[in-house]
1. How tilted is helix 2-20 with respect to the longest principal axis of the chain? Cα atoms for both, answer in degrees (0 to 90, nearest 10).
2. Under a point spin-label approximation (7 Å from Cα along Cα-to-Cβ), what is the Thr413-Tyr298 distance to one decimal in nm?
3. Roughly what would the spin-label model give for Lys63 and Arg290, points 7 Å off Cα along C-beta, in nm?
4. Taking the Cα-to-Cβ direction at Asp339 and at Ser383 and moving 7 Å from each Cα, how far apart do the two end points lie in nm?
5. Using the number of other C-beta atoms within 10 angstrom as an exposure proxy, rank Met158, Met401 with the fewest first.
6. Rounding to the nearest 20 debye, state how big the charge dipole of the chain is about its Cα centre with +1 on each Lys and Arg Cβ and -1 on each Asp and Glu Cβ.
7. Net charge near Asp150: determine it from the other residues with C-beta under 14 Å of the C-beta of Asp150, scoring Lys and Arg +1 and Asp and Glu -1.
8. Determine the sum of side-chain charges near Lys263: Lys and Arg each +1, Asp and Glu each -1, restricted to other residues whose C-beta is under 14 angstrom from that of Lys263.
Amino acid sequence: MLYKAKLIIIIISLFFVSAIKVHYGGIIKIRLNEPSDFTISSTSYSDMIFYSLIYENFFYLTKKGELYSNIFKTYDYRKDKKKLILILKNNIKYSNGLDIKLSDIVRSLKSYLGKQLIESKRLGKIIKSISVKNNSVILSLNFDYSDILDMLSAPQLMVLSSGKDAFSGPYYPVKWVKNKYMILESNTHYIGGLSYLDKIRVDFKNYFYPDLFLSKPGTLTDGTHKEIASGVYQNYYVSFPKGKIGEHTRIAFYSLLKKFFLKQNYPKLNVLTSEKESPLSIDIKGYSKRKIRTILRYSNIKLYVISTLRKLEPVIVAFFKDFNIDVNIVFVKHNNIVDLLRDTEVKYLIVEKVFHSGLLLSDKIESIVRELIFNRFNDTYLSLVNQLDEIINLKDNKLLMEQISTIIKKIITDGYLLPIAQKKYSLYLKKDIKGIIIDYYGRPIMHKARYDYKKQDSKRH
């Protein structure tokens, strides 16, 4: 009798194991903008998602504020000693089988701290020194900062290799057909465990609705996909970094770009961040087509454009031609803009900035000033931003809004940065795919992505 009971328990256990067994295999198709290369650049929402597929973050932050890491076995913040101790997991590797070492972690962190980002600059002010002991990375801080781990969850802070063809993320690139698609293969050495999918195909064309894609809210309502609010929006600005450009020329060029982006169905932007949160709207009266032509006809414009807009090159040229204006377009990655400005006179520049709705307005304004004003960031702006930081500590919301308004007015009055257009994003996910988690920054975490075979079987029957 006891033998029969044990046999029944074993049979039932096997039934449940087979019932919850996850299927491996398959390929998911994603539509994103084509990256310039494999050097991390996350000025666009599409870039943020792409690089998260092939590189591993130090930490992940969920929408609920929960923090976890795939590369660190433990992470211990010692308030009394103002130290954070990160203990690396054993036997972790890149996609090519080479070990991920402590030196890689330190180099990746230092690379991030050297970026021209408000988050990396703030972290740099907090960290006093970085040292290595046994299997640990030790961050000594200048002062007590209990939220240090949250700052280490920044999307741009990723594990990088010193060589080529070594990727730390759940997938790695195996084929790239320029202007068409890229194939990513599952990384069998992935730190977070083997991904369920065999491959991901990243398409760069707009001719179909793949398994996962980005688009404006309300794009698809046929019931095949689930729409997920990303909380992400992307702003485009025109900047005049160098050279003497008169007010009429700036406004004419600004008016021209407004008309172009509107024609491409980009919603117009009259604030530096978003209409919902901005303390003031920017009223810049644009010029007519005739006046734009008259002012800019002999300008011989060399326009520098953020590289994520490369696909718009032919329509930009055609649009300018319609105004009888010659334009020479040079595409540049955000990472390279500061270096470019040191040696080149850049009079006309289109830049972009990605924001998450959860970020404080004061942080957004400060990031605009520090990241997009470039070499125009003089003592006056530095003083304004420092005052902003002081007011934040006072927790006086009225005074804070007044200071933010002052900074916005100065940026616009000086003509250093003018808002053009804004794109709001939703994620569209096919309903028979499960396991995708949207993190705090609006990125789909694809490690556990898989097909729901039960739904597919029910469709067949």
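Each reported figure results from applying straightforward, stated rules to the coordinates on display, with no laboratory input. If you're wondering where the values come from, they're calculated on a predicted model, not measured in any experiment. Don't worry about glycine lacking a Cβ; one is built from the backbone with ideal geometry, like all the others, and counts go over all protein chains shown.
1. 20
2. 3.3
3. The modelled label-to-label distance comes out at 5.2 nm.
4. Using points 7 Å along Cα→Cβ, the separation is 3.4 nm.
5. Values: Met158 21, Met401 16.
Taking fewest neighbouring Cβ atoms as first place, the list is Met401, Met158.
6. Values: 74 positive and 44 negative charges, 193 e Å.
In debye, rounded to 20, the chain gives about 920.
7. -2
8. Numbers: positive: Lys258, Lys259, Lys268, Lys289, Lys321; negative: Asp322.
Computed value for this residue: +4.
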